Each structure stands twice: as structure tokens, then as C-alpha cells.
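The values are calculated or read from the model by the stated rules, or taken from the named source; none is laboratory data. On a predicted model such as this, the values are computed, not experimentally measured, just so you know. Heads up, the Cβs are rebuilt from the backbone with ideal geometry, glycines too, and the neighbour counts pull from every protein chain shown.
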Amino acid sequence: MRRTILALSLFGALAAAPWAQAQTATQSAAVGFSVASNSEVSLAISPTTVDAGKVVTFKADVQPTQGGPSATGYVTFYYGALELGKAEVKNTVATLKLNSGSLPQATYAITAKYSGDTFYQPSVSQPNYFSVVTSTNSQTSLASSPSSVQPGTPVVLKADVQPLQGGPNATGYVLFFAGENGQVYLGFAPVQGTVAQLTIPTANIKAGSYPTYAIYLGDKKYLPSISEPSYVYIQ
């Protein structure tokens with residue numbers, strides 16, 4: 001009986017040995033296995049308002065949520081489900097430059113999707129926005145008040161800037177000139193509402209008729225324009 005029990009015990013130990021070895025190997029493998037950490041992506045866009053045909057830059061910054069080595073891999077940029085392009089992550093940042101020439105005037109929500117790597121899981125940024133604007137023609141008219149003065153009486157030049165096709169008020173500056181070819185620079189003034197206004201002295205100016213001009217410099221919405229001459233008469 002003792003021999004039988006001993007034999008069974010020995011057989012059980014031998015039979016269990018491979019399973020014990022396999023379990024030990026599995027535990028060892030588990031110790032060496034690591035799960036990829038979370039990552040997060042932040043997206044910056046510059047400029048946030050761009051003229052049609054100009055370049056807009058997307059920069060996606062990829063960071064580990066709990067510290068660690070710099071992320072590697074790629075970031076793909078999307079407008080909705082439309083892929084705009086892909087860029088490699090270098091020193092935590094993936095940069096994509098996009099020409100806005102093919103984009104109609106609108107505001108666009110952009111997201112950046114990080115592909116992940118050995119250390120970090122994929123992640124997607126919150127949307128960021130930029131707008132494409134199309135410059136339209138402006139029209140500048142110039143009036144002087146009074147138009148006929150005695151020497152020494154100041155004259156007010158008023159340039160009215162209007163969009164040709166409607167829209168918000170123009171912004172920016174107007175330059176004022178005098179002379180047959182506009183060769184005399186008089187000064188500048190900001191557009192407020194739709195008008196830029198400049199007061200000019202007339203002391204020591206000979207009697208005569210002097211053409212004046214206004215040049216609107218344009219802004220993000222409207223193209224530059226120049227007025228027809230407005231005449232100031234010095235008596």
C-alpha cells in the first residue's frame with residue numbers, strides 16, 4: 001500500500017511539473033509586459049482668420065498624460081471626416097501647412113488624431129477653428145469742407161469707404177495726398193464707421209485749385225481703393 005501511495009505521489013509531482021513551469025513562464029512574461037499609456041493632443045491654428053489663397057498652419061502637440069518619453073508616430077488632421085493631411089511628430093509637435101485657396105469662405109472645425117506608438121495610445125484633440133475670408137472690392141469717395149477758403153482757413157478732408165457688394169464696415173487706414181500726381185503727402189487717418197477724416201492747414205499756400213486724393217489701404221475683408229480727386233480752392 002505504501003509503495004502504491006508513493007508511486008502515485010511521485011507520478012502526480014512529475015505530471016504537475018510541466019504545468020508549474022508553464023505557469024512560472026507565464027508569470028515571468030506578465031512581469032515584462034507593459035500596457036501603453038494614455039496620450040493627449042492639443043491643436044493650435046495660425047492664423048485663425050485667413051484670406052482665401054493664403055496658408056494656414058496646424059500644430060498638434062502630443063503629450064503623455066502621466067509623463068514619460070516623447071511621443072513618436074503621426075498626426076492626421078481632419079475637417080469632419082475629410083482628411084486634410086498627415087504630419088510626423090517631432091519633438092512632441094506635428095505641423096501641417098494648408099493652402100486655403102480651394103476652400104470657400106466659411107468657418108472650419110479642425111481636429112487632430114494621433115496614431116499612437118509603442119508607449120502611448122492614440123488620442124484625438126478637441127476641435128479648433130479657423131475662418132477663410134474672401135477679399136472684395138471697396139470704393140472710396142473724397143469730399144472737402146469747405147471746398148473754397150481764404151488762406152489760413154483749415155480744410156477738412158473726409159474719405160468715405162464703402163464695400164461694392166455690401167458687407168460690414170471697412171476698417172484700417174486712409175492716406176491723403178495733394179497735387180496733380182498726388183505727390184504731396186498730407187497725412188493719414190483711421191476709418192471710423194465708414195469715414196476717415198483729416199484736417200489740413202492752408203496757411204502760406206498760394207491761391208489756386210488743388211486736387212486732393214484719398215487712398216484706402218484695405219483690410220482683411222476689403223481690397224484697397226483710391227478716390228477720384230476732390231478740389232480745394234484757395235482764394
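A few points about this structure:
- When the residues of segment 106-118 are filtered to those that are touching a residue at least 60 places away in the same chain (Cβ under 8 Å) and of a type in the set (Val, Ile, Thr), the one that is nearest to VAL133 (Cα to Cα) is ILE110.
- When ASP117, ASP160 are checked against the criterion of being closer than 21 Å to ILE226 by Cβ and acidic (Asp, Glu), ASP160 stands alone in meeting it.
- Subset of segment 168-199 [surrounded by fewer than 12 Cβ atoms within 10 Å (Cβ to Cβ) and more than 18 Å from THR140 (Cα to Cα)]: GLU180, GLN183
- In segment 200-235, of all residues being assigned to a loop (DSSP other than H, G, I, E, B) and among the small types (Gly, Ala, Ser), the one that is surrounded by the most Cβ atoms within 10 Å (Cβ to Cβ) corresponds to SER227.
- Residue match in segment 113-129 (condition: under 11 Å from ALA214 (Cα atoms), out of contact with any Lys or Arg (no Cβ under 8 Å at 6 or more places or on another chain) and aromatic (Phe, Trp, Tyr)): no
- Test set (1) outside the structural domain of THR194 (by TED's automatic domain parsing); (2) assigned to a loop (DSSP other than H, G, I, E, B); (3) surrounded by fewer than 15 Cβ atoms within 10 Å (Cβ to Cβ) - TYR129 fails condition number: (2)
- Hits in segment 43-83 (condition: out of contact with any Ser or Thr (no Cβ under 6 Å at 6 or more places or on another chain), of a type in the set (S, T, N, Q) and in a strand (DSSP E or B)): GLN63, THR76
- Check on LEU103, closer than 16 Å to TYR129 by Cα, at pLDDT 95 or above and hydrophobic (A, V, I, L, M, F, W, C): no
- Scan segment 65-96 for residues that are touching a residue at least 40 places away in the same chain (Cβ under 8 Å) and touching a strand residue (DSSP E or B) at 6+ places or on another chain (Cβ under 7 Å) and the total you get is 5.
- Whichever residue in segment 149-161 is at pLDDT 95 or above and surrounded by 13 or more Cβ atoms within 10 Å (Cβ to Cβ) and, among such residues, is nearest to the chain's Cα centre (by Cα): VAL161
- Hey, ASP160 closer than 30 Å to GLN105 by Cβ and either aliphatic (A, V, I, L, M) or assigned to a loop (DSSP other than H, G, I, E, B) (or both) or not: no
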